[in-house]
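**Q** Supplied in structure tokens, the structure appears directly below.
The values are calculated or read from the model by the stated rules, or taken from the named source; none is laboratory data. Remember, it's a predicted structure, so these values are computed and weren't measured experimentally. Here the Cβ is made from the backbone with ideal geometry for all residues, glycine too, and neighbour counts use every protein chain on show.
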Amino acid sequence: MILLLNNTTADINSVELLLKSAGYINVISITAKDNWQEQSRIGTILLVLDEPDNALIEACTNTYPGKRLMIISTHNKQNKELQKYYNYNGVCVAMQNLSESILQIAIEHADKKTSSLIEQVDVKNLFNENPIPIFIFNIEDYSFLDVNEAALKKYGYNKDEFMKMSVLDIRPEGEHEKLSNVLKHETYDGYYDYGVWKHKKKSGEEFHAQIIAYTSLFNNQKIRIVMAIDVQKQVEQENEAALLNTMLQQHKKLVDDILTSVNEMLWSCRADDLIIIYVNNAVENIYGYRMDEVIGIKKLFEKDHIHPDDLQIVEDALVKLHTDKHVEVEYRIFDVNGKQKHLMTRAVLKVYKDGRPDYITGTTVDISELQLTREKLIETTNELEDMMNSITDGFLMLDEHWNFTFINKVFEDLYGVNKKDVIGKNYWDYFPKNAEQKFFAEYSNVLNNHTSAHFEEYSQTLQKWVSVNVYPAKKGISVYFTDITEQHELQDKIKQSEINLKTIINNTDEAIWSVDKDIKLLIANNKFTELIHDLINITPQPGDYMLYDEFGDDIKAIYNAAYLQALSGETFYRVEKTTIKNKTHYFDVTFEPITDINGDITGVSCFMNDVTERSTYTDTIEKQNKSLRNIAWLQSHKVRNRVATILGLTSLLDNKHNDVELNKILLGIKAEAAKLDLVIREINAEAQKANL
């Protein structure tokens, strides 16, 4: 149990809250004037003091002998200074420096003369299992002597690494000199709070730690036991608070400057007769009077200054002021020169304790220009609304609570709603189906992260596909959406057409492909892909430049010229001879320009047939024809020459002898030679017909 003994006028509620947060539920809070007799359950006394009070300290130790005593000072001093100030060698902590962890540690070490903590707790377990990083080092050479598990986890070193290091190794280099000076020159013994220091992990990450140390002797060595409490978040919060405070001060100065520069009339008058008792010099800018010309009279509220059409407004405001004690009203006046001005007045009625009216204070601002601006703004707003109603997109605006603030005519028509019925209503209540779709996630992301978004979704409410653009607004979001159902259906048709096209071009023996104006592949069928892979071991992909280096310079030059010829608008074909896997192939290639709907050439379609068998057959026929031509030549020249010779010789033998039998033979030879000559002539004639 904790006894919180207060001998100050200070508010100690914060101390009680810290005690409860630290786990000390049983706390008795009394003052020094109360009856604070001995209670056996009390284990620790927290004595809150302003000034030194030896008698009270002695009374505590006598009343609660053997109990831990800790002094909490309202003075903001270091612990050692507080010990001297209160002439008390035990734990002294400034109230301003208290935190949950510091309070817990200080209570555990409140009386170094008391051995009850050591007697009741396993010190080794307290060291090893303590969630706060603790390490022990030699004050002479700064080397580590021991370290608990929490410190190993916090700093990222293992036990062996830690034991080879010194306290300087866990500090940034910039704090080595400062730490060395403190360790060399300070003479504090026992418990001491060294404040906040920067520490460094093995990873190089730096953090702030509250250092609480206890100096002792071990094996005749002066050692220091250190608790390093991570206060990085606290430091960041303090820095943030300091930054916010600076910003607040800057903002306050800015507001002060703005208020000083505003031409606002401050005034006060008696509640019964409206006699002016005070007015600042802004009255000259608004009414044209000097201060001394209006104080002591009710000139500012006379009817000749108020626009006739606004007299009733002012009278009603005065009645409301006596009822509600405050009022805000806009009305028109004429200044001393007769110029009309538009004013806004805020007034408060001050009353006596018995409720009788005393005086009225108020501020009056010339809002003539503001009124003109307001009218222009209304006009501009109407123009913007007309513009938003004229666009073809649906448009809506939602505030940070998902309530409608604006919808345009397209939205009204699409959803069949009226603007006046939905403004101020919750979007998700009005269209619950959208909350189950992509709309909710996308809208929430824009609202929370202040970033824009674009997405497409099928609206269950509209039964249509919509393209949606969402933008962050000052307090909410703006949404533009377009019906893209027709485009989606067209895209589906295009996709199906592409599938059909691929099916068609892949069910043919032709190699088919097309390139764009930069000779980059647009589409190709499987036959073409397999052919190129067989040729150069490359599988063509859309976007590939179709003059691969693997083709070689000759082939690249031929096809480059062919593509350019087709891109010039010419349709043509050619037969190409190519070797694939040591086998000669012949390909019949057609190049045809691709044109858009405007007739502009955008690429080239190519169709390739393997005509190897046909070309081989043609070559065979050509060889046969050549042989026939040779035979025909032999027949028409060499054979016929011999026949002609035989015919000539037989003519010479005619009637040159009287041998009847021989003459018969010669006549027979001559007749057969003539027939043979006729056959040769017929063969020669047929050969000429066949172009042999």
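**Q** Tell me which strands (runs of 3 or more DSSP E) are completely within region 320-382 and hold 2 or more residues being in contact (Cβ under 8 Å) with a residue 24 or more places away in the chain and more than 20 Å from LEU274 (Cα to Cα), or say none if there are none.
**A** Per the criteria, 340-351.
**Q** Another question, then. May I ask you to verify whether LEU522 is surrounded by 16 or more Cβ atoms within 10 Å (Cβ to Cβ), more than 17 Å from SER605 (Cα to Cα) and either in contact (Cβ under 8 Å) with a residue 24 or more places away in the chain or among the small types (Gly, Ala, Ser) (or both)?
**A** No, not satisfied.
**Q** So in region 143-184, with the set limited to residues that are among the acidic types (Asp, Glu) and within 40 Å of the chain's Cα centre (by Cα), which one is surrounded by the fewest Cβ atoms within 10 Å (Cβ to Cβ)?
**A** GLU173
**Q** How many residues are crowded, with 20+ Cβ neighbours inside 10 Å and either at pLDDT 85 or above or hydroxyl-bearing (Ser, Thr, Tyr) (or both) if we restrict to region 61-77?
**A** Residues in region 61-77 being crowded, with 20+ Cβ neighbours inside 10 Å and either at pLDDT 85 or above or hydroxyl-bearing (Ser, Thr, Tyr) (or both): 6 in total.
**Q** For region 25-41, name all the residues that are surrounded by 16 or more Cβ atoms within 10 Å (Cβ to Cβ) and modelled with pLDDT of 80 or more. Write out each step before concluding.
**A** Let us first name the residues in region 25-41 that are surrounded by 16 or more Cβ atoms within 10 Å (Cβ to Cβ), namely 29, 32, 36.
Selection gives SER29 alone.
**Q** Given the structure, is THR361 in contact with a Ser or Thr (Cβ under 6 Å, 6 or more places away or on another chain) and polar (S, T, N, Q)?
**A** Here the answer is yes, as THR361 does meet what is asked.
**Q** Looking at PHE395, PHE439, PHE404, which is the one that is within 23 Å of ASP483 (Cα to Cα) and assigned to a helix (DSSP H, G or I)?
**A** Going through PHE395, PHE439, PHE404 in turn, the sole match is PHE439.
**Q** Now for a different question. Of the residues VAL410, VAL468, which single one is of a type outside the set (D, E, K, R) and assigned to a strand (DSSP E or B)?
**A** VAL468 is the lone residue from the list that is of a type outside the set (D, E, K, R) and assigned to a strand (DSSP E or B).
**Q** Here's a follow-up. Report, by residue number, each residue of region 390-439 that is within 23 Å of ALA453 (Cα to Cα), more than 27 Å from the chain's Cα centre (by Cα) and hydrophobic (A, V, I, L, M, F, W, C).
**A** ILE391, PHE406, ILE407, VAL410, PHE411, LEU414, PHE431
**Q** Would you be able to tell me the number of residues in region 440-468 that are closer than 15 Å to MET397 by Cβ and surrounded by 15 or more Cβ atoms within 10 Å (Cβ to Cβ)?
**A** Counting residues in region 440-468 that are closer than 15 Å to MET397 by Cβ and surrounded by 15 or more Cβ atoms within 10 Å (Cβ to Cβ) gives 4.
**Q** While we're looking at this one, here's another question. Hey, could you check region 276-288 for residues that are surrounded by fewer than 17 Cβ atoms within 10 Å (Cβ to Cβ) and assigned to a loop (DSSP other than H, G, I, E, B) and say which is modelled with the highest pLDDT?
**A** Per the stated criteria, the residue is GLY288.
**Q** Taking ILE229 as meeting all but one of (1) surrounded by 17 or more Cβ atoms within 10 Å (Cβ to Cβ); (2) under 40 Å from the mean Cα position of the chain (by Cα); (3) in a helix (DSSP H, G or I), write down the number of the exception.
**A** (3)
**Q** How many residues does region 382-437 hold that are hydroxyl-bearing (Ser, Thr, Tyr) and surrounded by fewer than 12 Cβ atoms within 10 Å (Cβ to Cβ)? Working first, answer last.
**A** Pass one, region 382-437, residues hydroxyl-bearing (Ser, Thr, Tyr): 390, 392, 405, 415, 427, 430.
Now narrow it down to the ones that are surrounded by fewer than 12 Cβ atoms within 10 Å (Cβ to Cβ): 390, 392.
Residues that pass the stated criteria total 2.
**Q** Checking MET70 against (1) in contact with a strand residue (DSSP E or B) (Cβ under 9 Å, 6 or more places away or on another chain); (2) assigned to a helix (DSSP H, G or I); (3) not polar (S, T, N, Q), which test does it fail?
**A** (2)
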